[in-house]
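Novice: Sending over a structure as structure tokens; questions will come in a sec.
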Amino acid sequence: LVDGGYDIRPLEKAIRGFVGMFRNRGHIVRVGATMCIEHLTAIIASELLKNDHHLQGSDEQLREIWIWHAVEEIEHKAVAFDLWMYLTRDWSGFRRWITRSTLLAVISTTFFYNRTRGQLILLSQDGIGPLRGFLAAIRSGFGKGGIGRLILPSWASFLKPGFHPWQYDDRHLVLKGEAILTEMKRARQAVRKK
């Protein structure tokens, strides 16, 4: 983004502020926040790999980064969850459920706010005004076929008592992503040989 001429300092500041919210909290809250972030990134990754239209027309290098990142997110989607469950093993089921549901609400609200704000900041640097940018971001994310809209059922599944990330087995998407990455690498090598 910087190489493309964008000022990303406001985005970096927002991320530092978000991380700072949890800096002085106990380890259970910090791991719980991580667990919720990992849920969001894993369900976004799954949707990104499930529906090819999300990356259609994107820059080839950025597409490769997104696919690699999506594979990586799915592969470790339960690590923080399992750690949090271990750390809270002496808690009642209700306490675990209400705590992780509350954490997800806080994390999701902050995530949505910061991602939308980040989009608006970048769009403003392209000369797109705040109202037009906001409407475009909401339409893109939550309109028909938008990632935000399509992940809502997976997001809500986290709120069910007894939830575990691997209740939705999306390892086939890891294989799909790895196959795409292999094909992209082959295509790049073929171009270099010419």
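Novice: Determine the dipole magnitude for the chain: charges of +1 sit on the beta-carbon of Lys and Arg, -1 on that of Asp and Glu, nothing else is charged, the reference point is the Cα centre, and the result goes in debye to the nearest 20. List each step's numbers first, then the result.
Specialist: Working: 28 positive and 19 negative charges, 54 e Å.
That gives the chain a dipole magnitude of about 260 debye.
Novice: Another question, then. Just add up the charged neighbours of Gly20: K/R +1, D/E -1, any other residue whose Cβ is under 13 Å from the Cβ of Gly20. Let's see the in-between values first.
Specialist: Working: positive: Lys13, Arg16, Arg23, Arg25, Arg30; negative: Glu12.
That works out to +4.
Novice: Among the helices of the chain (complete DSSP H runs), which have Cα atoms covering no less than 30 Å along the helix axis and a Kyte-Doolittle mean of at least 0.0?
Specialist: Working: long enough: 27-50 (34 Å, 0.97); 93-124 (46 Å, 0.27); 171-193 (33 Å, -0.56).
Those that pass (Cα extent of 30 Å or more, hydropathy at least 0.0) are 27-50, 93-124.
Novice: I would also like to ask the following. Using a/c under 1.5 as the rounded threshold, could you call the chain rounded, prolate or oblate? The axes a ≥ b ≥ c are square roots of the C-alpha gyration tensor eigenvalues, and prolate needs a/b larger than b/c, oblate otherwise.
Specialist: oblate
Novice: Could I ask something else about it? At His172 and Ser108, where each label point lies 7 Å from the Cα along Cα→Cβ, what is the point-to-point distance in nanometres?
Specialist: That separation, rounded to one decimal, is 2.6 nm.
Novice: Expressed in nm to one decimal, what extension gain is obtained for the pair Val191 and Trp91 from 0.36 nm per residue of sequence separation less their Cα-Cα distance? Intermediate results must be reported in sequence, preceding the final value.
Specialist: Details: separation 100, 0.36 × 100 = 36.00 nm, distance 5.71 nm.
This chain segment gains 30.3 nm when fully extended.
Novice: Okay, moving on. Roughly to the nearest percent, how much of the accessible area of the chain is carbon and sulfur, given a 1.4 Å probe?
Specialist: Working: 7380 of 12210 Å².
Using a 1.4 Å probe with all protein chains present, the chain comes out at 60 percent carbon and sulfur.
Novice: Would you mind putting 160-167, 3-10, 74-81 in packing order, based on average other-beta-carbon counts within 10 Å, highest first? Walk me through the numbers on the way to the answer.
Specialist: On the way: 160-167: 12.8, 3-10: 10.6, 74-81: 18.4.
The most tightly packed comes first, giving 74-81, 160-167, 3-10.
Novice: Further question: Return the distance in nm (one decimal) between the two label points of a simple spin-label model at Asn51 and Val29, each offset 7 Å from Cα along Cα→Cβ.
Specialist: 3.6
Novice: Can you list residues from other chains, or at least 5 along the same chain, whose modelled amide H is less than 5 Å from the amide H of Phe22?
Specialist: Under 5 Å from the amide H of Phe22 lies no amide H from a residue far enough along the sequence or on another chain.
Novice: Classify the range 122-194: rounded, prolate or oblate, from the alpha-carbon gyration tensor (a ≥ b ≥ c, eigenvalue square roots; a/c under 1.5 rounded; otherwise prolate if a/b is larger than b/c)?
Specialist: Working: a/c = 3.70, a/b = 1.09, b/c = 3.40.
The shape class here is oblate.
Novice: Which whole-number percent gives the relative contact order of the chain, counting Cα pairs below 8 Å spaced six or more residues apart? If you can, show how the numbers build up before the last one.
Specialist: Numbers: 149 pairs, mean separation 60.5, N = 194.
Relative contact order of the chain: 31 percent.
Novice: If you don't mind, there's one more thing I want to ask. Name the shape class, rounded, prolate or oblate, that the alpha-carbon gyration tensor gives for the range 1-74, where a ≥ b ≥ c are the square roots of its eigenvalues, rounded holds for a/c under 1.5, and otherwise prolate holds if a/b is larger than b/c and oblate otherwise.
Specialist: Oblate shape, in that a/c is at least 1.5 and b/c is the bigger or equal ratio.
Novice: Kindly provide the helix-only [θ] at 222 nm of the chain, computed as the sum of -39,500 (n - 2.57) over DSSP H runs of four or more divided by all residues, to the nearest 500 deg cm²/dmol? Could you put the intermediate results ahead of the total?
Specialist: Details: 9 runs with 139 residues, N = 194.
So the calculated ellipticity at 222 nm is -23500 deg cm²/dmol.
Novice: Largest first, what is the accessible-area ranking of Met35, Met21 with a 1.4 Å probe?
Specialist: On the way: Met35 5, Met21 80 Å².
Final ranking, largest accessible area leading: Met21, Met35.
Novice: Please count, across the chain, the pairs of lysine residues with Cα atoms under 15 Å apart that sit 8 or more places apart or on different chains. Don't jump to the answer; show the numbers that get you there.
Specialist: Working: Lys50/Lys176; Lys176/Lys185; Lys185/Lys193; Lys185/Lys194.
Close lysine pairs under the 15 Å cut-off: 4.
The values are calculated or read from the model by the stated rules, or taken from the named source; none is laboratory data. The model shown is predicted, which means the values in this text are computed figures rather than measured ones. Glycine gets a Cβ as well: all are built from the backbone with ideal geometry, and neighbour counts include every protein chain shown. To get the accessible areas, we keep the full protein, side chains included, count just its heavy atoms, and leave off ligands, DNA and RNA. Shrake-Rupley method; radii C 1.70, N 1.55, O 1.52, S 1.80 Å.
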